[in-house]
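The block underneath contains the structure these notes are about, expressed in structure tokens.
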Amino acid sequence: MKKILYLLMISFILTGCLLPPPPPPQTGSDPSTESQPEVNDQSSQNQNQPSATSEAESESHTHSDAAHTSDVDLTSLEIGDGKYSTTPQVGYVFSCQTNFNGQGATGQQGNWVNGDGTWNALMKAVVDGSVSWPHSFTISIQGDQRVFSSNGLPNHTTGNYPISPSDDAYTYDRNPNSISEQSITLTLPANPTVAAQPNCIGGEVGIMLSGVVLFNAFDALGRDAQVHEVQDECDGHPQQSGVYHYHALSDCLADTQTGHSALMGYAFDGFGIYGYYDEDGTEITNADLDECHGHVGLIEWDGQVVEMYHYHATHEFPYTVGCFKGTPSVRSIGGQGGQTQQGGDTTNQGQQPPQEAITACVGLSQGASCSVGNMSGTCMTPPNTSQLACVPAGGPPP
Ligand SMILES: [Zn+2]
Ligand SMILES: [Zn+2]
């Protein structure tokens, strides 16, 4: 335990001191400096409008001065492989798609997979590189709609894609795709309301303030994308049609220093996605959130403090949106159809483990001990496959 704390402290120190500062915002394109057009259509105000608290008159931010703290052990996070459901469920993705037959990352299983059904986020490989892009992103309010226009290129640097064979990340993920400019327009309700029933999510779930599309927590095989796909320093990578995207909160989106996290992006139902921290500064876990990965609380919303439903990012699966609490305006924007409906990602050819290895894990769960013939191993989903299989201690069979 001491060791883990020590590692956490070291990682804190490293994060604080060694990482380069986030790239400066580009004038005229950073959404945080974007001048929001006035909402002059007040006649449309109705019961759907969130009510502003009295604080809004004098004070327009919600964050207390509580320092951000965390009890989440980043060295032992539960792997979310196959955690999709046909009903809303905490810790799962309520997925419109439950038949995942796309392609996933090709490469060895990451050495950040602990073998007991958990993974170590502090050990995960990162795609090298620091490439700048001509970012273009605007958000405006038009009547009761929030209108987005993005070229899909981030306001931060990215790694070098395709992943180079000389990059250590190549051992684990041979993503052959390049990042390309997109033409994304999106119209969401400016003041969304909670739907009678939660709605299932597709491969894409929202757009972040960096102009980048947010995908759900899965790769194309229905496995935990954060575990099996290797992303760059800003937690993004491109899929087959060049759409640069995240599967979780990007470390390159700046959060508030204290109290409740800042707005990080919007889900396709119009509700906001906020960072890791609650009003009291503590890191949020699934236990604090509902089946869609959100809760109701005071947030800053278009310059006012309102009590409203919102999503939170967590370090726990499913990381961002588990289902739509409101009614989604779209379920796909940047992925150009079928490719992203296959769980969001299509990176490489998949293959299947030997049948005896699959059979050895029937009825067993991820991380369970198993044996094939006289070899013993662990039930896991090898990186280039879609099924739980018995993997010998030495690694996947050839
Ligand atoms: Zn909150
Ligand atoms: Zn992906």
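The values are calculated or read from the model by the stated rules, or taken from the named source; none is laboratory data. These figures come from a predicted structure and were not determined experimentally. Cβ coordinates were reconstructed from backbone atoms using ideal geometry, including for glycine residues, and neighbour counts include every protein chain displayed.
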Counting only residues that are within 9 Å of ligand 2 (Cβ to nearest atom) and surrounded by 24 or more Cβ atoms within 10 Å (Cβ to Cβ), region 230-242 contains a total of 4
Please work out which residue is nearest to ligand 1 (Cβ to nearest atom), limiting yourself to region 258-288 and to residues that are assigned to a loop (DSSP other than H, G, I, E, B) and of a type in the set (Ser, Thr, Tyr).
Ser261
Members of region 85-100 that are polar (S, T, N, Q), within 18 Å of the chain's Cα centre (by Cα) and in a loop (DSSP other than H, G, I, E, B):
Gln89, Gln97
May I ask you to verify whether Gly335 is at pLDDT below 65 and either assigned by TED's automatic domain parsing to the domain that holds Phe215 or closer than 16 Å to Ile273 by Cα (or both)?
yes
Residue ranges of strands (runs of 3 or more DSSP E) in region 188-247 with at least 1 members charged (D, E, K, R) and away from ligand 1 (no atom under 16 Å from the Cβ):
204-208
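Kindly evaluate Val296 against the criterion of being in contact with a helix residue (DSSP H, G or I) (Cβ under 8 Å, 6 or more places away or on another chain) and either within 16 Å of ligand 2 (Cβ to nearest atom) or not in a loop (DSSP other than H, G, I, E, B) (or both).
no
Can you find, within region 193-229, the residue that is surrounded by the most Cβ atoms within 10 Å (Cβ to Cβ) among those that are aliphatic (A, V, I, L, M) and closer than 20 Å to Trp133 by Cα?
The residue in question is Val212.
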Considering residues of region 299-324 that are within 16 Å of ligand 2 (Cβ to nearest atom) and among the β-branched types (Val, Ile, Thr) only, the residue surrounded by the most Cβ atoms within 10 Å (Cβ to Cβ)
Val321
Condition test on His315, is it in the same structural domain as Gln108 (by TED's automatic domain parsing), modelled with pLDDT of 95 or more and under 17 Å from Gly270 (Cβ atoms)?
no
When you look at His315, is it assigned to a strand (DSSP E or B) and either within 17 Å of the chain's Cα centre (by Cα) or without any contact (Cβ under 8 Å) to a residue 24 or more places away in the chain (or both), yes or no?
no
Cβ contacts < 7 Å: first residue more than 19 Å from Phe271 (Cα to Cα), restricted to region 167-196; second residue modelled with pLDDT of 95 or more and in a strand (DSSP E or B), any location; separation 6+ or different chain. Result?
Asp167/Val127; Ala169/Val127; Asn175/His237; Asn177/Pro238; Ser178/Pro238; Ile179/Thr158; Ile179/Pro238; Ile179/Tyr244
Filter result (of a type in the set (A, V, I, L, M, F, W, C) and buried (at least 21 other Cβ atoms within 10 Å of the Cβ)) within region 249-262:
Leu249, Cys252, Leu253, Ala262
